[in-house]
Amino acid sequence: MRAIWKGAVSFGLVSIAVKLYSATEEKDIRFHQVHREDGGRIRYKRTCSVCGEEVTYDDIAKGYDIGGGEMVILTDSDFADLPLTTSRAIDVLEFVPAEQVDPILYNKAYFLEPEGAATKPYVLLRDALADSERVAIVKVALRQREQLATLRVREGVLLLNTMLWPDEVRTPDFGFLDEDLKVRPPELAMASSLIDSMAGEFEPDVFTDDYRTALQEVIDAKVEGREVVQPEEVEEAPAAAVDLMAALKASVERARAARGEQPETGGGEPTPITSARSAQKAAKAPAKKAAGKKTAAKKAEGTKKAAPKKAAESGTAKKAPARKAAPKKAPRKTA
């Protein structure tokens, strides 16, 4: 790792020289914009919107828009007198319980490494901070900006977490917050049961970025000139359920099945989902009986129609055999 900042932690009258390192790194796969036909890189020129000339970095200043098309121009000399450009201190302001710091305020994380002879006071602050079970609230100037931050211990190293200022956190303003929505106790109980059935210990290494893995596979296949293997299709999210209790119950059963637990069976008070299923079965039962009656009626009608046929066949069988024809008389002889 490469240090991005050097300074000192000011802890009372103690000064601890430290180096600052980025504690995190993004693993996103980055691309360049290129010309589709020949793969050439796309370059952008810095041009002035007034005169149209290309501008070098030395001729670029900072401008603050005051509205109405007017711009206040600030040069390097305007920033030179500000204390942030020379300040190299991490000033400890107070120590507070960690749970009092809202996680939404956290921004970026940095490791602090002791420099030179500052190792012992560094370890002293680290151990004292760990024993107190508190975090230090500090102020630090980074990238020409004063920032609020916390100091805490992680894996034996002091970790600096820069924070947003309170006025940088937006206030949620949504219509449903003004609605008088009431949750029924059975629904709340079922939702709590679902949370309990899905409870576990957080292990970050278990979770992976499937999209990045699949994208890297596509890139590797392109490089090697082989066919891209399509990843397995992800199961689509179920449509919104009309019956909230039924959806919660089904979710609990699925979570238990995923854990290898047996679904709840046996007697007991009927739940809303079992009551609904019973009602559905009861509604289907009369239809089956009616269908059975129609079938029986059809069978009976068929039997009645078949009876005359049988009677006719049996009557024909009982008829007396036909009389034999009388022998023909011999013709009289004539003289």
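The values are calculated or read from the model by the stated rules, or taken from the named source; none is laboratory data. These figures come from a predicted structure and were not determined experimentally. In this analysis, Cβ positions are derived from the backbone assuming ideal geometry, glycine residues included, and neighbour counts consider all displayed protein chains. The protein model used for the area step is the full one, side chains on, heavy atoms only, and it has no ligands, DNA or RNA in it. Shrake-Rupley method; radii C 1.70, N 1.55, O 1.52, S 1.80 Å.
If PHE111 satisfies every condition in (1) surrounded by 14 or more Cβ atoms within 10 Å (Cβ to Cβ); (2) aromatic (Phe, Trp, Tyr); (3) over 36 Å from the mean Cα position of the chain (by Cα) but one, which is the exception?
In the conditions (1) surrounded by 14 or more Cβ atoms within 10 Å (Cβ to Cβ); (2) aromatic (Phe, Trp, Tyr); (3) over 36 Å from the mean Cα position of the chain (by Cα), PHE111 misses (3) alone.
For the subset of region 45-62 comprising residues that are in a loop (DSSP other than H, G, I, E, B) and under 15 Å from SER77 (Cα atoms), which member is most open to solvent (accessible area, probe 1.4 Å)?
Taking region 45-62 as the starting set, the residues that turn out to be in a loop (DSSP other than H, G, I, E, B) are 45-46, 48-53, 55-56, 60-61.
Narrowing further to those that are under 15 Å from SER77 (Cα atoms): 60-61.
Values: ILE60: 86, ALA61: 57 Å².
So the residue we want is ILE60.
Criterion first (touching a Leu at 6+ places or on another chain (Cβ under 9 Å), modelled with pLDDT under 95 and under 30 Å from GLY260 (Cβ atoms)) does ALA199 satisfy it?
So ALA199 does not fit the description; no.
Check ASP65, ASP38, ASP78 and return the single one that is part of a loop (DSSP other than H, G, I, E, B) and over 30 Å from VAL157 (Cα atoms).
ASP38
Step by step: first the residues of region 1-43, then only those that are among the basic types (Lys, Arg) and exposed (fewer than 10 other Cβ atoms within 10 Å of the Cβ), then the one that is nearest to ASP91 (Cα to Cα). Which residue is that?
First, the residues of region 1-43 that are among the basic types (Lys, Arg): 2, 6, 19, 27, 30, 36, 41, 43.
If we keep only those that are exposed (fewer than 10 other Cβ atoms within 10 Å of the Cβ) too, we end up with 2, 27, 30, 36, 41, 43.
On the way: ARG2: 23, LYS27: 32, ARG30: 37, ARG36: 52, ARG41: 45, ARG43: 43 Å.
Per the criteria, the residue is ARG2.
Counting only residues that are touching a residue at least 24 places away in the same chain (Cβ under 8 Å) and within 29 Å of the chain's Cα centre (by Cα), which one in region 155-171 is farthest from ILE16 (Cα to Cα)?
At the first step, the residues of region 155-171 found to be touching a residue at least 24 places away in the same chain (Cβ under 8 Å) are 156-164, 166, 169.
The next check asks that each one be within 29 Å of the chain's Cα centre (by Cα); those that pass are 159-164, 166, 169.
On the way: LEU159: 14, LEU160: 14, ASN161: 18, THR162: 19, MET163: 22, LEU164: 25, PRO166: 28, VAL169: 32 Å.
Out of the qualifying residues, it is VAL169.
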